[in-house]
Amino acid sequence: MNNFDIFGDKQRANNFLDSIKNDKTLFAFVMSYTKTCEIPGITIAGPNSESMKFTPPADAEFLYYGNCKTIEQIPMTPDGKPTPAIITKTALESSSIPHMTINAGSNITPKLPFIESGLPSGNNIEHQNALSDSIVTHAVEYGRILGMTLSSLTDCLLIGESIPGGTTTALAALRAFGYDANVSSSMPNNPRELKEKIVESALKRIDSEHPYSIIGKVGDPMIPFVAGMLSAASSVSKVMLCGGTQMAAVLAFASKIGFNEDNTAIGTTSYVTNDSSANLPKIISEIGDIPLISIDLDLENSKFDGLKAYSEGYGKEGVGAGGTAIASTVKSSINKEKFLQLLENQYQRFFISQ
């Protein structure tokens, strides 16, 4: 496990990792959407603002089929760097981890079997409230129902997400809850000034300290939904939140509604924890005694520029890439060199012909 970095209680983190090895594991992939992503320059989670609404369902379809149904091409950045779903797909397949898709506010539904939450997409937080308080309540309660159901089927529930623009809504939520947060970006040059401008505008609308009201003003549908899942599932099974900034916002909200810290960890990539423009380890340590585990995927040594780009600051995380890679390498006992080989095989299979 020398390719892992652990922040926080190392013993708890190692105990969590040890429990994954032989336990049943299930990956829940949550699709969502915030119109905040349509602000020019805020994200590169799609070739343009119109196409970004297709990114979550296309990620889901890629995990399920190995190709996409709602769009012709597998999701990429404008210059052709692949979705982090390729890392997730490699992780799930190499260790036979089953997965399911959940729609928690995606603008477009995928062409595959999925669980429907009935949540709407989130509004652009620069100009209006993200969600009504009643929608936040629905998200939490539905998340709790689903979290309890899924936790009864597995020993460790992995939860990942795809929500373009989600680092900006996550930043707003973390700031609203009082954390001195700086967040990562899908771009090597983090558009921090633009994010600060958006967040400053959103925070002005907060008129209540109630956590549901705060998320309704400045968050997105994914945050309360996954927090609800965590709240219920962690009372029964282990839960790994697979992601970076967005999962920090989930954790911050979950700390307001209750969850079992002893059964919870966050798993992400080293590209997030090493990001000098963000402070994820510090945020997590302030929220609670939650182990933060990151994996070095060694992508700087890839023979493909599209994968190497992740080590250069593109993408960094998404679709549960870091957490599923951690679970996969633990369960299958493969080293990072072998994982990289498997990942490159997937890249050659799905992207070279694109």
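The values are calculated or read from the model by the stated rules, or taken from the named source; none is laboratory data. These numbers come from a predicted model, not from an experiment. Neighbour counts run over all protein chains shown; Cβ positions are idealised from the backbone, glycine included.
For segment 112-129, a residue qualifies if it is within 15 Å of V226 (Cβ to Cβ) and crowded, with 16+ Cβ neighbours inside 10 Å, and the qualifying residues are S117, L119, G122.
Inspect all residues belonging to segment 101-111 and state whether any of them is under 24 Å from R349 (Cβ atoms), touching a Ser or Thr at 6+ places or on another chain (Cβ under 8 Å) and either surrounded by fewer than 23 Cβ atoms within 10 Å (Cβ to Cβ) or modelled with pLDDT of 90 or more (or both). Yes: segment 101-111 contains one or more residues that are under 24 Å from R349 (Cβ atoms), touching a Ser or Thr at 6+ places or on another chain (Cβ under 8 Å) and either surrounded by fewer than 23 Cβ atoms within 10 Å (Cβ to Cβ) or modelled with pLDDT of 90 or more (or both).
The condition of being over 16 Å from the mean Cα position of the chain (by Cα) and in a helix (DSSP H, G or I) holds for only one of D262, D289, that being D262.
Looking only at residues that are small (G, A, S) and either at pLDDT below 80 or assigned to a helix (DSSP H, G or I) (or both) in segment 165-191, which one is farthest from S213 (Cα to Cα)? Residue satisfying both the conditions and the ranking: S186. With respect to the conditions (1) buried (at least 16 other Cβ atoms within 10 Å of the Cβ); (2) touching a His at 6+ places or on another chain (Cβ under 9 Å), L146 falls short on a single one, namely (2).
Does I159 satisfy the criteria of being touching a helix residue (DSSP H, G or I) at 6+ places or on another chain (Cβ under 7 Å) and not in a loop (DSSP other than H, G, I, E, B)? First the steps, then the outcome.
Working: touching a helix residue (DSSP H, G or I) at 6+ places or on another chain (Cβ under 7 Å): yes; not in a loop (DSSP other than H, G, I, E, B): yes.
Yes, satisfied.
Considering only residues that are touching an Asp or Glu at 6+ places or on another chain (Cβ under 6 Å) and buried (at least 20 other Cβ atoms within 10 Å of the Cβ), which ones fall in segment 149-162? Hits for segment 149-162 are C156, S162. Within segment 285-302, the set of residues being over 16 Å from I87 (Cβ atoms) and surrounded by fewer than 23 Cβ atoms within 10 Å (Cβ to Cβ) comprises S285, E286, I287, G288, D289. Taking first residues from segment 254-274 that are under 25 Å from H210 (Cα atoms) and partners that are assigned to a helix (DSSP H, G or I) and not aliphatic (A, V, I, L, M), the Cβ contacts under 6 Å between residues at least 6 apart in sequence or on separate chains come to A254/S231; K256/P211; I257/S231; G258/S231; F259/S231. Selection of first residues in segment 282-300 that are more than 22 Å from I334 (Cα to Cα) and modelled with pLDDT under 95 and of second residues that are outside any strand (DSSP E or B) and among the basic types (K, R), restricted to Cβ pairs under 8 Å at least 6 apart or on distinct chains, gives the following pairs, ordered by first then second residue: D289/R12. Of all residues in segment 94-116, none are outside any loop (DSSP other than H, G, I, E, B) and touching a Pro at 6+ places or on another chain (Cβ under 6 Å). Does K89 satisfy being basic (K, R), out of contact with any Asp or Glu (no Cβ under 7 Å at 6 or more places or on another chain), buried (at least 21 other Cβ atoms within 10 Å of the Cβ) and at pLDDT 90 or above? Against the criterion (basic (K, R), out of contact with any Asp or Glu (no Cβ under 7 Å at 6 or more places or on another chain), buried (at least 21 other Cβ atoms within 10 Å of the Cβ) and at pLDDT 90 or above), K89 qualifies. Here N274 clears all of (1) over 19 Å from E317 (Cβ atoms); (2) surrounded by fewer than 23 Cβ atoms within 10 Å (Cβ to Cβ) except the condition numbered (1). Restricting V319, V250 to those that are buried (at least 17 other Cβ atoms within 10 Å of the Cβ), at pLDDT 95 or above, on the phi > 0 side of the Ramachandran plot and in contact with a helix residue (DSSP H, G or I) (Cβ under 9 Å, 6 or more places away or on another chain) reduces the list to V319. Taking each residue of segment 305-323 that is among the hydroxyl-bearing types (S, T, Y) and in a helix (DSSP H, G or I) and looking for partners that are modelled with pLDDT under 90 and buried (at least 24 other Cβ atoms within 10 Å of the Cβ) with beta-carbon atoms closer than 7 Å, six or more apart or interchain, yields Y310/K316. Counting only helices (runs of 4 or more DSSP H) that sit completely within segment 192-234, zero hold 3 or more residues that are of a type in the set (S, T, N, Q) and touching a residue at least 40 places away in the same chain (Cβ under 8 Å). Taken as a whole, the structure leaves I266 outside the set of residues that are modelled with pLDDT of 90 or more and farther than 18 Å from P84 by Cα. Taking the stated definitions as given, is Y179 over 30 Å from S270 (Cα atoms), hydroxyl-bearing (S, T, Y) and surrounded by 17 or more Cβ atoms within 10 Å (Cβ to Cβ)? No; evaluated as a whole, the condition is false for this residue.
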